[in-house]
1. Between a residue in region 21-39 that is part of a loop (DSSP other than H, G, I, E, B) and any residue that is open to solvent by 40 Å² or more (accessible area, probe 1.4 Å), which pairs come within a Cβ distance under 7 Å, given they are 6 or more apart or on different chains?
2. Among the residues of region 42-54 satisfying the criterion of being open to solvent by 60 Å² or more (accessible area, probe 1.4 Å) and part of a loop (DSSP other than H, G, I, E, B), which is modelled with the highest pLDDT?
3. Does region 53-84 hold any residues that are under 25 Å from Leu303 (Cβ atoms) and more than 21 Å from the chain's Cα centre (by Cα), and which are they?
4. Restricting attention to region 106-135, and to residues there that are more than 22 Å from the chain's Cα centre (by Cα) and not in a loop (DSSP other than H, G, I, E, B), which single residue is farthest from Arg231 (Cα to Cα)?
5. Which one of the conditions (1) closer than 25 Å to Val232 by Cα; (2) in a loop (DSSP other than H, G, I, E, B) does Asp103 fail to meet, given that it meets all the rest?
6. Run Met39 past the list (1) open to solvent by 10 Å² or more (accessible area, probe 1.4 Å); (2) at pLDDT 95 or above and report the number of the one that doesn't hold.
7. It is to be established whether one or more residues within region 99-112 are at pLDDT 95 or above and buried (at least 24 other Cβ atoms within 10 Å of the Cβ).
8. (1) free of Cβ contacts under 8 Å to residues at least 60 places away in the same chain; (2) open to solvent by 10 Å² or more (accessible area, probe 1.4 Å); (3) within 16 Å of Arg295 (Cβ to Cβ); (4) out of contact with any Phe, Trp or Tyr (no Cβ under 6 Å at 6 or more places or on another chain): which one isn't true of Glu142, the others all being true?
Amino acid sequence: MRLGVLDVGSNTVHLLVVDAHPGARPLPAATHKSVLRLMRYIAPDGSISDEGCDALLDAISSALRVAEEEDIDELLPFATSALREATNGPELLERVRQQTGVDLQVLSGADEARLTFLAVRRWLGWSSGRILLLDIGGGSLEIASGTDEYPDTAVSVPLGAGRATIGFLHDDPPRDEQVEELRDHARRLLAAVVPEFERGDGDHVIGTSKTIRSLARLAGTTSARAGGDDRVHLTRSGLADWVPRLGRMPAESRTALPGITSDRAFQIVAGGIVLREAMRAFDVDELEVCPWALREGIILRYLDHLD
């Protein structure tokens, strides 16, 4: 069957179309993305502004046109932290339902972590043992760990790259004191959740999300892997080298670097700071980057239920 996954995130509205059936690896057939950055439309009272609502509706309508052109059999629409936390979220969800026919399912932060963990486990396989997952989105950082297909522990921390940028890095490029404030903030939040996790020397540490993949393109290393899929690794020392350099560049100049796309350039510094602090908090020197994340987890869970 042909499935469409509509991901309404804090940074983008992303439609991924895949050909899939139970027991098979989903094969991407088409993709469509609108850069929205919903976090910038958050009003002082925590609501999404009328301008943001209109932009969201336009982005969803655009994605639906692509879904119709791709002749999908089923649309799996979901939303994450921006709509989950908006004070007018329920009203906006109803407006989306009435004007587009899309019934967005709002995931909790723990569900985001659990479904991303499922995708990572399926990608890496059982031989990876215990996995510690770090996933940086636009609004939140998801952390999960466990030895099974779903994690033993899964938490969501409000340290997304877009949220951190808007909340702390107000100048472009950011000032040193802004960077320090974000670093201190991240350390405080992470210190509160680290004790929830059982750690072991055998942990296989995985990073996923566009932010982490972008940082790995810039500062990571690649090694061959059996089966044709290369392994991409990112070290904390690599981040320590590159993140300050990125922080000294204006956003428009960052796009000239490998892996830094225009839709991520404004928030890549904050994402790098958060990732480096998360690796420090868990005493991680190196992680492996997984190409599958939340959207693939949504697909796999749907196929499991069909099976």
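The values are calculated or read from the model by the stated rules, or taken from the named source; none is laboratory data. These figures come from a predicted structure and were not determined experimentally. Glycine also receives a Cβ, built like all others from the backbone with ideal geometry; neighbour counts cover every protein chain displayed. The area values use the complete protein model at the heavy-atom level, side chains included, leaving out ligands, DNA and RNA. Shrake-Rupley method; radii C 1.70, N 1.55, O 1.52, S 1.80 Å.
1. Listed pairs, sorted by first residue: His21/Met1; Pro22/Leu306; Pro22/Asp307; Gly23/Asp307.
2. From region 42-54, those open to solvent by 60 Å² or more (accessible area, probe 1.4 Å) are 42, 44-45, 50-51, 54; that's our starting set.
Of the ones still in play, those that are also part of a loop (DSSP other than H, G, I, E, B) are 44-45.
On the way: Pro44: 92, Asp45: 95.
Ranking the candidates gives Asp45 first.
3. Listed by number, the residues that qualify are Leu64, Val66, Ala67, Glu68, Glu69, Glu70, Asp71, Ile72, Asp73, Glu74.
4. Initially, region 106-135 is screened for residues more than 22 Å from the chain's Cα centre (by Cα), giving 126-127, 129.
Pick out the ones that are also not in a loop (DSSP other than H, G, I, E, B) and you get 126-127.
Working: Trp126: 16, Ser127: 15 Å.
It comes out as Trp126.
5. (1)
6. Tallying (1) open to solvent by 10 Å² or more (accessible area, probe 1.4 Å); (2) at pLDDT 95 or above, Met39 fails exactly one: (2).
7. Within region 99-112, one or more residues are at pLDDT 95 or above and buried (at least 24 other Cβ atoms within 10 Å of the Cβ).
8. All conditions pass for Glu142, except number (2).
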